[in-house]
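A.B. asks: Have a look at this one.
The values are calculated or read from the model by the stated rules, or taken from the named source; none is laboratory data. Predicted, not measured: the structure shown is a model, and the values here were computed from it. Glycine gets a Cβ as well: all are built from the backbone with ideal geometry, and neighbour counts include every protein chain shown. In case anyone asks, the SASA skips ligands and DNA or RNA and just uses the protein heavy atoms, side chains included. Shrake-Rupley method; radii C 1.70, N 1.55, O 1.52, S 1.80 Å.
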Amino acid sequence: MTRVEIGTPSGTAWADIDAPAGAPVGVVFAGHGAGGGVDTPDLRALRDASVGAGCVVARITQPYRVAGRRSPAPAPRLDEAWLAVTGTLSDQLGGLPAVHCGRSSGARVACRTAAATKAAAVIALAFPVHPPGRPERTRLDELELPTVPVLVIQGDRDAFGMPPQDSRRQLVVIPGDTHSLKKDSRAVAAAVTEFLTQHVAQHR
């Protein structure tokens with residue numbers, strides 16, 4: 001793993017980069033949850049599966065977390081920083097097909113920016129459909145923004161809700177898991193591998 005620092009309008013972001021052994025077939029950008037980092041079990045599973053599928057992986061730490069804050073920046077600032085980092089890295093990687101991913105808050109960012117980044121696909125880990133106990137405050141509109149293939153991996157005990165089945169996206173449910181998605185990393189990795197094999201190859 002190599003960590004690089006990248007400037008954004010909100011300050012410095014980090015990109016932790018892992019590369020496959022051979023020539024990469026794509027790049028996977030992955031963002032963290034609101035108060036967490038890029039070493040959660042689900043993001044590690046996504047990294048390992050993506051590298052195994054031949055992709056460069058960049059796990060991106062938002063500037064507010066680099067600065068030591070746990071409270072996230074407003075959505076426009078998160079999106080702005082994401083666009084700056086992924087744009088810089090995409091240029092450096094020579095325009096490889098890019099899958100934009102994130103867990104929780106990071107999944108919302110990936111969905112909101114999918115059109116602007118020209119993402120080939122989106123992976124949402126533990127998408128927060130609504131705040132716990134507040135189903136009326138739905139965020140499904142963000143999940144429905146991407147027009148490219150979308151994979152959602154969700155625990156069936158996630159207090160942030162379960163997105164409904166929809167022909168516009170693939171939903172993989174992890175039995176007995178919560179918002180943390182830490183119970184079955186193998187299932188997470190298997191779903192990511194299958195999705196990447198299908199959707200990155202067609203963009204080569």
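A.B. asks: Over the chain, what relative contact order in percent results from Cα pairs under 8 Å that are six or more residues apart?
C.D. replies: So the answer I get is 20 percent.
A.B. asks: Something else: Sort 1, 162 from largest to smallest accessible area, using a 1.4 Å probe on the heavy atoms of the protein chains.
C.D. replies: 1, 162
A.B. asks: Rounded to the nearest 5, what % of DSSP beta bridges with both residues in the chain are antiparallel?
C.D. replies: If I count the DSSP bridges inside the chain, around 30 percent turn out antiparallel.
A.B. asks: Whole number in Å², please: accessible area per residue of the chain, 1.4 Å probe, ligands, DNA and RNA not counted.
C.D. replies: Using a 1.4 Å probe on heavy atoms only, each residue of the chain averages 44 Å².
A.B. asks: Now for a separate question. If you put +1 on each Lys and Arg Cβ and -1 on each Asp and Glu Cβ, how big is the dipole of segment 1-95 around its Cα centre, in Debye rounded to 20?
C.D. replies: For this selection, approximately 260 debye.
A.B. asks: While we're here: Where does each of 73-80, 55-62, 134-141 land if you order them by average Cβ count within 10 Å, highest first?
C.D. replies: Final packing ranking: 55-62, 73-80, 134-141.
A.B. asks: Follow-up question, since we're still on this one. Compute, for segment 119-183, the length of the dipole vector about the Cα centre, with Cβ point charges of +1 (Lys, Arg) and -1 (Asp, Glu) only. Units Debye, rounded to 20.
C.D. replies: Dipole of segment 119-183, to the nearest 20 debye: 160 debye.
A.B. asks: Under 1.5 on a/c is rounded, so check that first for segment 76-167, then, if it is not, pick prolate when a/b is larger than b/c and oblate when it is not; a ≥ b ≥ c are the square roots of the alpha carbon gyration tensor eigenvalues.
C.D. replies: It is prolate, given that a/c is not under 1.5 and a/b is the larger ratio.
A.B. asks: Next question. Among 60, 161, 114, flag the residue with its Cα farthest along the positive direction of the charge dipole of segment 47-183, charges on Cβ as +1 for Lys/Arg and -1 for Asp/Glu.
C.D. replies: 60
A.B. asks: Quote the relative contact order of segment 152-204 in percent (integer), defining contacts as alpha-carbon pairs under 8 Å separated by 6+ residues.
C.D. replies: 35 percent
A.B. asks: Please state, as a whole number in µm²/s, the translational diffusion coefficient that the Stokes-Einstein equation yields for segment 103-146 at 25 °C and 0.890 mPa s, with Rh defined as the Kirkwood radius across alpha carbon pairs. Don't skip to the answer; put the middle values down first.
C.D. replies: On the way: Rh = 10.6 Å.
Answer from the Stokes-Einstein relation: 230 µm²/s.
A.B. asks: Using the Kirkwood formula on the Cα atoms of the chain, what hydrodynamic radius do you get, in angstrom to one decimal?
C.D. replies: Kirkwood radius, the chain: 16.5 Å.
A.B. asks: Grab the Cα-Cα distance for residue 88 and residue 190, subtract it from 0.36 nm times how many residues apart they are, and report the gain in nm with one decimal.
C.D. replies: 33.8 nm
A.B. asks: A further question follows. Taking R0 as 25 Å, what's the FRET efficiency between residue 4 and residue 69 from their Cβ-Cβ distance, rounded to 0.05?
C.D. replies: Step by step, r from the Cβ atoms, then E = 0.75.
A.B. asks: Does a label point 7 Å from the Cα of residue 162, set along Cα-to-beta-carbon, have any residues of segment 101-126 with amide nitrogen under 20 Å, and which are they?
C.D. replies: 104, 124-126
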